[in-house]
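Worksheet: the structure to be examined is printed underneath.
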Amino acid sequence: MLSLPNFAAQAFNGLVLGALLALIASGLTIIYGTLGVLNLAHGAMFMVGGYAGVVAYQYTGSYLVAVAAGSLFVMALGLLMERAVIRHFYDRPPEDQILVTFGLGIVYVELVRLIFGSLSQSMPPPSWAAGITSLGFMIYPTYRLAVVGIVAVALLALYLVLYRSRLGMIVRAGIEDAVMVDSLGIDVYRVFMIVFGIGAMAAGFAGIVNVPIAPITPDVGESILVETFVVVVIGGVGSFPGAVLGGLIAGEILSLTSMVDPAYSQVMLFLVMTFVLVVRPRGLLGEQGRA
Amino acid sequence: MIEARRGIRGLAFEGWTALALVVAPFVLPKIGFVPDTMNRVLVFGLFGVGFDLLFGFAGLLSFGQSAFFGTGGFVAAYLLTRMGLTSVMLGLAVGVVAAAVAGLLVGMIALRRTGIYFAMITVAIAEVFFFMENSPLSDYTGGENGLPGVPGPTFNFGFASVHVTGGWSMYVFLAVCYFVGLALARRIIASPVGRIFVAIRDNPLRAAAVGHDVHAYKLLAFVIAAAYAGFAGGLLGVLQGYMPPEAFTFDTSGQLIMQTVIGGLGTLIGPLVGAAVWLYLRDFLQGSLGMGASWKLALGVVFVLLVFFLRRGVVGGVSDLIALARSSARAPGKAAPGGGDDSPVFAAASQNSGPAPPPARDPGEPEIAGPILQVRDLSKTYGGLAANSEINFSLERGELRGVIGPNGAGKSTFFKMLTCEINPSSGSIHFEGRDITNLGVTEVCQLGLSKSYQVNQLFTRLTPRENITIAALAERRGKFRLDLLRNPADIPGLSQQVHSTLALVSLTERADVPVSGLAYGEKRRLEIGLALATSPSLLLLDEPLAGMSPRERAETVKLLKSISKGRTTVIIDHDMDALFEMSERVTVLQLGKILVEGTPDEIKANAAVREAYLGGVLE
Amino acid sequence: MSLIEVKALNSYYGDSHILFDIDMHVERNEVVALIGRNGAGKTTTLKSLMGIVRPSAGSVKFDGLELVGLPSHAIARAGMQLVHEERRIFGSLNVEQNLVLAGLTAPNRWPLDRVYEMFPRLKERRDSRGTDLSGGEQQMLAIARALVRDPKVVLLDEPFEGLAPVIVRDLVGACRDLAAAGQTIVLVEQNLAATLALAQRVYIVNNGHVVHEGPSRELKEQPKLLERYLGV
């Protein structure tokens, strides 16, 4: 029923979902923008982050340790993946790159399933964000509000790294002209590796932060991957602001349309993606050039 | 990649496959295959035939084939269970049509983009179709329960009636379906359409530039793959007696891709082999070794390794071994590879005047008076940079014009606008009296204007003969034709045109060597040959002499002079000696504008030209 | 020992054989020019020195170090810098960021003040994005970016092309000052007057071969040599 509290709750849900999607999509899009590689294992890395964090929580009982563990583990996985596999595919056709990341995604999922089984794992929210908050006209789970803040901080950190740090400067120059960066004495492959690690870490961070909201199974990565792709197409491939904007839009679409009929929310998202593709193929904030 | 067909002549492929299908029920159960698994292998093998056509041959990596697998399957199942249709074959046929229509609609959206974007969109499509099945359409599809009660087909042979249920009768039915599907796919690959698919995969830019409607062909490949998927989906329902919602999952698409890569891309039977490996290992690892769910992990690792090292999969690896065994058994004495400059062929061809070049395209109407090409105020700006400014250029029929200019003069940009590879910012281009501005490279080529590229744009996985054939196919058949089952040998004049073009560029002896094995000079000649095979009335040549040794230069100049007879030709090059020798008139570009035009002698003596090349006034 | 010693260098572009057994040497504090027609292989030579094009055969010794086979970033760290014909400045970064980035891995990088002293115009435009700069400013930035690394050798690929005469005059002056201060420069340029004004020694390149080598004075005095090799 369309009541204000209901609507507001869904709008907030959309914000939470949108923030998470924005973060995950940012990771995917900077990997693509810099390396030119579409990481089909990105959803799986979201999932791995969740599991790594849960394991850390089971040992330490600390939310913060869990978040750190989830993020760092996936970052390490990303660095290793780039160094051992992706690096050998830069000269190969894009389909080969897609296939190998796809395969690795499957391997990660099955490995996790082997170790943890298919039942879901969960983790409670931290004590300082547990329970519900009253917002006057409605009540809302505190943790979800906290997530919006947490992800906003993460996005801000990502922004600072990309636009205000030396590394970010190198990355942005590398997106434009990797050969020139190499000519200026900077080992561009090392930059690629770091970018892949950062992009992966964004997914892993989102993965663990999401666990208190929705318990994690090995298969959660799949639907996240699809939604992330849609976000990237809407926002524009290779654009960090596009990923953020696209994420927020997608989150709200998914949430609000699910009020009307839960079944239609995915379809609605797809329709919006189709619309963007037809009307503005490079996405809302994307640049012409890449694919 | 050299397709399997190269090592397999005539109907031997179909013969071996038929034999294998007949023998399998007697052999495979001994190593642990049960009938149900073998039937499943056939269904997925058929599903994969369409996918291999799409990806292995046409180069389009789609993660969304499950959408059509499910559509075909559920439409057929719905008709057969809820609508009371009795003819199973009719139900399957309607399923195929439904899947093909879905493929057309989806393809029109997805194919707006290429490569990475295309892959992403197909992933999204798979999910959307699954959702549609699961919820909004669950009344029709049974939601998570699927549609039970799908009947097996009954065949009336007059004297007897056979009802196919499970087990071996199902195997026979499915094997026949698979065989028909495979044989059809073989025909398609051998047809002009199939050849064009392969060319599109290799070099879509050049395929469009020689006159093929690349988008239409891609859409056709997509629809065909969807139809195969729909047929296989329907068969799945018949096989299981039940249509499962899992048909629609992204997982199913992923499984298909992995099976095809494991079995071997571009082989057509790869998916069958891959499915056999996949399902056998699943049963074996899960059942016998009790490894539970980790069979998929093992297969995932195998898949990654194969993508790394052996993209042609099991079938590819086996056929490579066979080829290796054959060639070491063959007596030495093959013609030595390479030998561009020094091959006797080149010398022989240059002694006489050589065969007549393919004629320029017949304009159809009586010759239009006036210049063949008229360019007015043509400009192209990129941001603030004016690559070409207000170029006025005209060309008389039969002229041989040279175009020169220092670096950055805008010569290549000018050519690209003439062939409509890029659109001008302003101005117009009239070719044979017709306004061709913004028409697009395929259309313009069909009208008789084509170009040979500065950097070779060849179909590198094919031989020179196949390269020329691709261009000639567009010239003979127009930009799109639905001749899926036609034998190229039946196209009138095709082989004659290919033969004479090859002879003209002196590649007859090397016509069946893959492009990767050619010397640089030979590749350059093939590049010119490709443009020639489209029978242009106006031929543009962008730096045809680039990177050639002095001897190759001299020979190529002779070639260019001979092919310019009977057509209009424009040549850009930096080798001014050669250009002045060949051209009747020369146009000089500088900083995007025309500096001066005149005869070679006039240009040589022109002070402004000397200055443009040698430097400004600076003390 | 020459600063740069090139022996029997062969390079391909794809499979187009561009350079055929190039022999060259460059001494410290020299300004050497490569002239020749378009497509002669001058740019390919510079790119081969910088490792952007991997030579297929031959050797390039830079202060004793063999460069052939090294990645560009290693060659840059050895003290070689190339100013590309297309300039290739980073349009999404501003002037100062372009300079800072260039200096990151250079141990003796120039302080920004020194750069701005040489190119006051760049100081005025230090916060402007690369895409907003004029052609001349972009060229200045490209040269400044190379100099920030305090390179042993600067390779300049057609630095004066497409620029207004006034700007060319300024740039030639800047290059003259650099040379006078001892910077070793290898210059590829179509503008003959500028070339002869700056270079002490000239190589003429034609169709991928070195066809002549001599002091620039010689070319000034015998313009017929140029006609013979450049043909216009």
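Values quoted throughout were computed directly from the atomic coordinates according to the rules given, and no laboratory measurement underlies them. It should be emphasised that the depicted structure is a prediction, and the values quoted were computed from it without experimental measurement. All Cβ positions, even for glycine, are placed from backbone atoms using ideal geometry, and neighbour counts span all protein chains on display.
What is the helix-to-structure angle for B:115-134, meaning the angle in degrees between its Cα long axis and the longest Cα principal axis of chain B, kept from 0 to 90 and rounded to the nearest 10?
30
Which whole-number percent gives the relative contact order of segment C:30-185, counting Cα pairs below 8 Å spaced six or more residues apart? Present the calculation step by step, with values, prior to reporting the outcome.
Values: 190 pairs, mean separation 43.4, N = 156.
After rounding, I find 28 percent.
Treat segment B:461-535 as a sphere of radius equal to its Kirkwood radius over Cα pairs and apply Stokes-Einstein at 37 °C in a medium of 0.692 mPa s; give the translational diffusion coefficient in µm²/s, rounded to a whole number.
Numbers: Rh = 12.5 Å.
For the chosen part, D equals 262 µm²/s.
For residue B:426, enumerate residues with amide H under 5 Å from its amide H, sequence gap 5+ or separate chain, H modeled in the peptide plane.
B:379
What percent does the relative contact order of segment B:449-591 come to when contacts are Cα pairs within less than 8 Å and at least six residues apart?
Numbers: 167 pairs, mean separation 45.9, N = 143.
About 32 percent, as a whole number.
Give me the one-decimal Kirkwood hydrodynamic radius in Å for the protein assembly as shown, with the sum taken over alpha-carbon pairs. Let's see the in-between values first.
Working: mean 1/r = 0.0304 Å⁻¹.
Taking every pair of different Cα atoms in the protein assembly as shown, averaging 1/r and inverting gives 32.9 Å.
Can you bin every Cα-Cα distance in segment A:4-220 into 10 Å intervals starting at zero and give me the percent of pairs per bin, rounded to whole numbers?
Calculated P(r), rounded to whole percents: 8, 32, 32, 19, 7, 1.
Over the protein assembly as shown, what is the percentage of antiparallel beta bridges among all DSSP beta bridges, to the nearest 5? All intermediate terms of the calculation are to be shown ahead of the outcome.
Working: 49 of 83 bridges.
Rounded to the nearest five, the antiparallel share is 60 percent.
Using alpha carbons only, how many degrees (0 to 90, rounded to 10) separate the axis of helix B:192-202 from the longest principal axis of chain B?
70
Across the residues of A:91-98, average count of Cβ atoms on other protein chains within 10 Å? Please list the in-between numbers first.
Details: counts 0, 3, 5, 6, 12, 4, 3, 9.
Mean inter-chain Cβ contacts per residue within 10 Å come to 5.
Treating chain B as a set of equal point scatterers at the Cα positions, no solvent, please give the Debye-formula log₁₀ I(q)/I(0) at q = 0.07 Å⁻¹.
Values returned for q = 0.07 Å⁻¹ are -0.54.
When B:449, A:114, B:306 are ordered from fewest to most other Cβ atoms inside 10 Å of their Cβ, what list results?
Starting with the residue having the fewest Cβ neighbours, the order is A:114, B:306, B:449.
Average partner chain C-beta neighbours within 10 Å, per residue of A:167-175?
Working: counts 0, 0, 8, 4, 0, 5, 10, 1, 2.
Counting Cβ atoms of other protein chains within 10 Å of each residue's Cβ and averaging gives 3.
Give or take rounding to whole Å, what are the principal axis extents of the alpha carbon atoms in segment C:44-164, in descending order?
Principal axes ranked by extent give 44, 31, 22 Å for the Cα atoms.
Averaging sequence separations of C-alpha pairs under 8 Å and six or more residues apart, then dividing by the length of segment A:4-220, give the relative contact order as a whole percent. Write out the running numbers ahead of the final one.
Working: 300 pairs, mean separation 91.8, N = 217.
Computed value for segment A:4-220: 42 percent relative contact order.
Please order A:65, B:23, A:267 by the number of other Cβ within 10 Å, starting at the fewest. List each step's numbers first, then the result.
Numbers: A:65 14, B:23 10, A:267 18.
Least crowded to most crowded, the residues run B:23, A:65, A:267.
Share of antiparallel DSSP beta bridges in chain B, in percent to the nearest 5?
Working: 24 of 41 bridges.
About 60 percent, rounded to the nearest 5.
Counting only other chains, what is the mean number of Cβ atoms within 10 angstrom of the Cβ of each residue in peptide C:70-81?
On the way: counts 0, 5, 10, 10, 3, 3, 5, 4, 1, 1, 2, 3.
The mean count of partner-chain Cβ atoms within 10 Å per residue comes to 4.
Once both axes come from the Cα atoms, what is the angle between helix B:12-27 and the longest principal axis of chain B, in degrees from 0 to 90, rounded to 10?
Relative to chain B, helix B:12-27 is tipped by roughly 20 degrees.
Once whole DSSP H runs in chain A are found, which of them have Cα atoms spread over 24 Å or more along the helix axis and a mean Kyte-Doolittle score of at least -0.5?
Qualifying helices, which must be both long enough and hydrophobic enough, are A:4-35, A:42-60, A:63-84, A:94-116, A:142-164, A:188-210, A:240-260.
Which residue fluctuates the most in chain A, going by a Gaussian network model with Cα springs under 10 Å, if the choices are A:110, A:82, A:227?
Among A:110, A:82, A:227, the largest mean-square fluctuation in the Gaussian network model of chain A belongs to A:110.
Would you mind ranking A:278, C:68 so that the residue whose beta carbon has the fewest other beta carbons within 10 Å leads the list?
Details: A:278 11, C:68 20.
The fewest-first ordering by Cβ neighbours comes to A:278, C:68.
Would you please give the residues with an amide H less than 5 Å from that of residue C:18, counting only those at least 5 places away or on a separate chain, with H modeled from the backbone geometry?
Amide H neighbours of residue C:18, under 5 Å, 5+ apart: C:11, C:12, C:13.
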